[in-house]
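Chemist: Below you will find the structure I want to go over with you.
Bear in mind that the values in this text are calculations on the coordinates, not laboratory data. Small disclaimer: the values here were computed from a predicted structure and weren't measured. Here the Cβ positions follow ideal geometry from the backbone for every residue, glycine too, while neighbour counts run over all protein chains shown.
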Amino acid sequence: MKIYLVGGAVRDQLLNYPVKERDWVVVGATVEQMLDLNYQQVGKDFPVFLHPETKDEHALARTERNTAPGYKGFDVHASVDVTLEEDLIRRDLTINAIAQDDAGNIIDPYNGQADLKAKLLRHVSPAFSEDPVRILRVARFAARYAHLGFSVADETITLMQKMVAAGEANALVAERVWQEFHKALTERNPEVFIEVLKNCNALKIILPEIDALFGVPQTKVHHPEIDTGIHTLMVLQQATLLSPEPATRFAALCHDLGKALTDKQNWPSHHGHEVKGKQPIRELCQRLRIPNDFKELALITSEFHLHVHRAFEIKKSTLLKTIEKLDGMRKPDRYEAFLLACTADIRGRTGYENCPYPQADYYRKALKIIKSIDMRPLKEAELKGKEMAGAIHTARQSALNKQLQPPDEIG
């Protein structure tokens, strides 16, 4: 029995990148031997075990053979005669097919170290095409390492394009798509995830609502970048700078989906796109089974982002109604995430990347004023139901009218 550190831990160690988890492959062992050593078996489709102390995953060396479309159609063979090289060749990328023995020696049969130096994401073998999830994984790795200068090798993009053309991307199930999509939203450059899927023609199948934005023009005065798809990627990039939360980034990505539904005769104007965008958001979230907190934040961002942009133009009565619809009093964290997504929208335009956005602070101050209202007199009046709701609304409106001033009125 020989145990090797494999995959991401070796890769990130060689990159001097933070190692989050360690996976191991065990060569020359049986299931019985692992159980005798007090490893806990967790794998159903193939033998994977948890170390009795560290709880790191240890998998028996295995080979795989594709038997049906999609990522589930695999015949897995794990036995004592499977070599380390045979196990590594079934992996997705050369940079993930590197192992390290217990003496610290690197085993690199597929030139992963060379691709690390060249900053290339390259598939190990033609077997890559047997698993469509790898399209998503490559896009996610591209998002993770883009800031280091990594890109996808031309031959791997070509292979991914062939997989899409063959219908492999259509076999992806919602859970796996969202799993990779969610992880990509936590990376340093999630917009690169979208770009890679676009480049290999998978975006129109996996995220058609996003793909539909490319080629849709906007008014050049407000959007020097013109293309709505490009703007959307820029907004996602700005959201990433503003917040580590994937839900905020998702809302930023989805804020303009309604522009894809504008009649071409009305281009580059997109009147009413805020409300129109709610339906494609619902469809996207339902199809990929995206959690409700992501969906709800995306919906309010789509519907109300222009209300924030026009904060100094709208009446204070409209401002209050907007804050109440946003449920800012009960959900201040979501309210703040919404304002960050709106800020990302403003800055996600060519030449506006560092511009101030006092409108968001105006909305923050408005909520602060509302939350500071002394409600004791209303409670003492023992009002009920609609009377109480009306009195609360009136008190909020009065406080905003007295205390809230747009920047140009201050001083």
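Chemist: How far is it, in nm, from the label point at Glu380 to the one at Lys20 when both lie 7 Å from their Cα along the line to the Cβ?
Modeler: 5.5
Chemist: To the nearest 10 degrees, how steeply does helix 133-145 sit against the main Cα axis of the chain, on a 0 to 90 scale?
Modeler: Here the helix axis deviates by roughly 70 degrees.
Chemist: May I ask you to work out the translational diffusion coefficient for the chain at 37 °C, viscosity 0.692 mPa s, via Stokes-Einstein with Rh from the Kirkwood sum over Cα pairs, reported in whole µm²/s?
Modeler: Numbers: Rh = 24.2 Å.
This corresponds to a translational diffusion coefficient of 135 µm²/s.
Chemist: Let me ask you something else. What percent do you get for the relative contact order of region 228-303 when only Cα pairs under 8 Å and 6+ apart count?
Modeler: Details: 91 pairs, mean separation 26.2, N = 76.
So the answer I get is 34 percent.
Chemist: For a 22 Å ceiling on Cα separation, which of these pairs sit above it: Lys295/Lys365; Lys183/Lys276; Lys331/Lys402; Lys198/Lys259; Lys198/Lys276?
Modeler: Beyond 22 Å: Lys295/Lys365; Lys183/Lys276; Lys331/Lys402; Lys198/Lys276.
Chemist: Over the chain, what is the relative contact order in percent, taking alpha-carbon pairs closer than 8 angstrom and at least six residues apart? Write down the numbers at each step before the final one.
Modeler: Working: 658 pairs, mean separation 39.0, N = 411.
For the chain, the relative contact order is 9 percent.
Chemist: Just to verify a number: FRET efficiency for Leu148 and Arg289, C-beta to C-beta distance, R0 = 25 Å, to 0.05? All intermediate terms of the calculation are to be shown ahead of the outcome.
Modeler: Details: r = 32 Å, r/R0 = 1.29.
After rounding, the FRET efficiency stands at 0.20.
Chemist: Which shape class applies to region 207-409: rounded if a/c is under 1.5, otherwise prolate when a/b exceeds b/c and oblate if not, where a ≥ b ≥ c are the square roots of the Cα gyration tensor eigenvalues? Before the final figure, lay out the partial values.
Modeler: Numbers: a/c = 2.14, a/b = 1.73, b/c = 1.24.
Verdict is prolate for region 207-409.
Chemist: Report, in degrees rounded to the nearest 10, the 0 to 90 angle that the Cα long axis of helix 228-242 makes with the longest principal axis of the chain.
Modeler: Long axis of 228-242 versus the principal axis of the chain: about 90 degrees.
Chemist: Let me ask something else. Need the full-extension length gain, Thr318 to Val275, defined as separation in residues times 0.36 nm minus the C-alpha distance. One decimal, nm.
Modeler: Values: separation 43, 0.36 × 43 = 15.48 nm, distance 1.67 nm.
That works out to 13.8 nm of additional length.
Chemist: Continuing with the same structure: Report, to two decimal places, the Cα Rg of region 109-232 normalised by 2.2 N^0.38 Å (N = number of residues). Intermediate values should be presented prior to the final figure.
Modeler: Numbers: Rg = 15.2 Å, N = 124, 2.2 N^0.38 = 13.7 Å.
After normalising by residue count via 2.2 N^0.38 Å, the value is 1.11.
Chemist: Using mean Cβ contacts within 10 Å as the protection proxy, how do 363-375, 222-234 order, highest first?
Modeler: Numbers: 363-375: 15.3, 222-234: 19.6.
Highest mean packing first, the order is 222-234, 363-375.
Chemist: For Ser398, Ser79, Ser243, Ser302, what's the fewest-to-most ordering of other Cβ within 10 Å of each Cβ? Present the calculation step by step, with values, prior to reporting the outcome.
Modeler: Numbers: Ser398 11, Ser79 14, Ser243 19, Ser302 25.
The most exposed by this proxy come first: Ser398, Ser79, Ser243, Ser302.
Chemist: Suppose each label sits 7 Å from its Cα in the direction of the beta carbon; what would the Arg188-Asn105 distance come out to in nanometres?
Modeler: 3.3
Chemist: Please give the helix 154-165 orientation as an angle from the longest Cα principal axis of the chain, in degrees from 0 to 90, rounded to the nearest 10.
Modeler: It works out to around 80 degrees.
Chemist: Now for a different question. Taking the Cα atoms of region 2-118, what is the range of coordinates along each of the three principal axes, in descending order and whole Å?
Modeler: Cα spread of region 2-118 along its principal axes, largest to smallest: 40, 38, 24 Å.
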